[in-house]
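Please read the structure below before turning to the comments.
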Amino acid sequence: MKRILLFLFILSTSFVALAQVQAIDSLKSQLATIKGEERLTVLNDLSFYLREIEQQEAFNYATEAEKLAQSLNNTLEEAKAKENLGWIFYRRGQWQKSFNYSKEAYKLAVDGNNLEAAARVLNSMGALYYEQQNYSMAIVQFKKAYEISDQMGDLYTMIRSLNNVALNFLRLNELDSALAYTSIAFEANKSAGSPYLLSFSNRIIGDVYFARNQLDSAEMIYEEALKNGIAQGISSVQASLFYRLGNTYLLNGKQEMAKEVLLRGIDISMQNGLIDELSKSHKSLAEYYRQIGDYKNAFEQQSKFVTLNDSIVNKSSRDRLALMQGMFEDDLEQSELDLLVAQNENQATRLALNRKIIFLVSAGSVLILALLVWLFYLNRNINKKNADLLLQKQQIRKQNEDLENKSIQLQEINQTKNKLFSIIGHDLRGPVGQVKSIVDSLIAGYINQGEFDELIQHLKVDVDTVYFTLNNTLKWSLAQMEGFKLQKVDFNLYQLVCDNIKLIGPKLRDKSIEIEYISLITDLQIYADRDLIEVVIRNILNNAVKYSKPGDTIQLSVEADKDLVTWCVKDQGIGMEEDQINELLSPDYVISDSKLGTKMEKGSGLGLQICKEFIRMNDGELFINSQPGEGTQVYVRLPASKVLINN
């Protein structure tokens, strides 16, 4: 029965994929000749069809559609464009942008009574709850989306919602529910669905079998789903199935078959920038090498997994925190809006009551005296209530100010916490874990002394990384302590630079990098805190070596202008984008992702931030000039001593 279902899946996928390709080609051919509302509709359709296949192309179409819809005041098509952009940002891992676009799309859809668009946006919102690991709330969103799309007859959104419900049940380990919803989605997709959603359904079914340890069934499902993913040309589907199939082969004892699919998974993940799938493929390949006794390659693959996984975990944690903060602020704004609406309704009720009183006074002159007495008491009560309401408003305003101050304090605390967690969780845990793994393997007898000697250089690199990070962290922590005071003195800049070049000598020799002194005055004195400036010099020199290619030359120069001294380090490395430079030099303390060096050297992204802070503490300035692929020039400008140069 399983094989019959798989045969029907393959046949239906082929027809649907062909029809979808023809539809895309037809829509593209129309763009050259159409304008206005007709062009707007075609742009949104193209973005929707392409957003799981060619994200950048889909993004371009959706961006044009959004601008055109706004110029034509077409809120229906604007909602579709924003929904497409929200999903594309979700696929790129930019969850806060995804949330903002999805929220705007949902409002436009509801205001325009466009239930079909609202159902699609609910899927995007459910996906964001999924990224927060709030699977129960995600299921609620996806079920709402399914109910609405079922009423509207939107087959694509129905299938997508069912698959998403199944995926979240899988994460909750409710396997029967996951299989039940996936089976419904699979049956609905056989008639007229999406190739991508068919592959998604079968991948979930395979995951259920894998979780139940029914490896033969899981293997068969993964193999067939992979064939269709390759036929459809959907790289994300292929990458996710390669490492799943590799794990299944390993557990079934098919080691060489596992190696083949895992290597293919690494290739396609690297080509398409699929970091999560790439890290999992490296982890499974490390297990393959461990099983066959090749511990050197196992260590290499495990190291690549640790590096990639650490960057994924750190980015995911920061993005999840930003997303949760964005949703919290949105809920807070909605609560304030509800309060304002309630107050306005209350005030409107009071105004209506006053009008009725005036009418009754005008109509019943006989009751004027009685009404005046009654109005007197009524007015006194109203004044009392208004005074109470004014007092409540003042209390609310004060509470809002307190909340705002506490929010600012919380942001500062979170920023400091993130800095420390990034250092401890990324820069220290990875290298220390590697050292522990090698030592454990040696003690357990998995590797011999000769293999250990081969790996000792890797251990030295990890230990050097830990030492460098600990030194940075110590200096930064001392500078943040309450009561810390700068110890400014006159000292020789040339001597301090030379001392630090000696410290990084092994790294220079490892990469065959030469240091060239263009103009470095040997008796130049500056006035600053020597310990903090030493951290600055060491970090900047270390970055120049890290991003230089083997055999490059690093040039050092210095200029003295009146009461300022400018020290420059110029490398021939990989360079930086303008946006990255602006982010590094911004007034705020920004935790950015550190790029790997030319020999896969790791970093935390905190080095230049510490340099920026220490330079400003010493009344100096930091400048960066760089172009991608053309190297980087870093300028540090500091106050000179009272006697600049002794001639």
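Values for this structure:
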item	result
Dimensionless Rg over Rh [the stretch 128-251; C-alpha; Kirkwood]	0.97
With all protein chains modelled, accessible area of Met152 [1.4 Å, Å²]	90 Å²
Residue-level accessible surface for Asp563, protein heavy atoms, 1.4 Å, Å²	100 Å²
Tail fraction, Cα-Cα pairs, the stretch 485-552, threshold 21 Å, whole percent	30 percent
Span from the the stretch 191-266 Cα centroid across to the the stretch 105-122 one, whole angstrom	34 Å
Pairs beyond 27 Å (Cα-Cα), from Lys280/Lys436; Lys280/Lys599; Lys485/Lys612; Lys254/Lys595; Lys436/Lys570	Lys254/Lys595; Lys436/Lys570
Neighbourhood net charge (13 Å Cβ-Cβ; Lys/Arg +1, Asp/Glu -1) for Leu251	0
Whole-number accessible area per residue in Å² for the stretch 162-301, which is evaluated in the context of all protein chains at 1.4 Å	39 Å²
Most to least packed among 93-105, 484-496, 118-130, 27-39 [average Cβ atoms within 10 Å]	118-130, 93-105, 484-496, 27-39
Order by protection proxy (mean Cβ within 10 Å, highest first), peptides 277-288, 435-446	277-288, 435-446
Listed pairs Lys143/Lys283; Lys82/Lys144; Lys28/Lys103 exceeding 31 Å between Cα atoms	Lys143/Lys283
DSSP-loop trypsin sites (Lys or Arg not before Pro) across the stretch 200-237, with at most 11 other Cβ within 10 angstrom	none
Cα coordinate range in the stretch 496-647, projected on the principal axes (Å, largest first)	43, 35, 25
By average C-beta atoms within 10 angstrom, highest first, the peptides 65-72, 168-175	65-72, 168-175
Straight-distance crosslink candidates among lysines, where the alpha carbon sits under 29 Å from Lys384 and sequence neighbours closer than 8 are dropped	Lys356, Lys393, Lys398
Portion, in percent, of the accessible area of the stretch 154-247 that falls on carbon or sulfur, probe 1.4 Å	51 percent
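The values are calculated or read from the model by the stated rules, or taken from the named source; none is laboratory data. Computed from a predicted model, the values in this text were never measured in an experiment. Methodologically, a virtual Cβ is constructed for each residue, glycine included, from the backbone with ideal geometry; neighbour enumeration extends over all protein chains shown. Note: accessible area is taken over every heavy atom of the protein model, side chains too, but ligands, DNA and RNA are not part of it. Shrake-Rupley method; radii C 1.70, N 1.55, O 1.52, S 1.80 Å.
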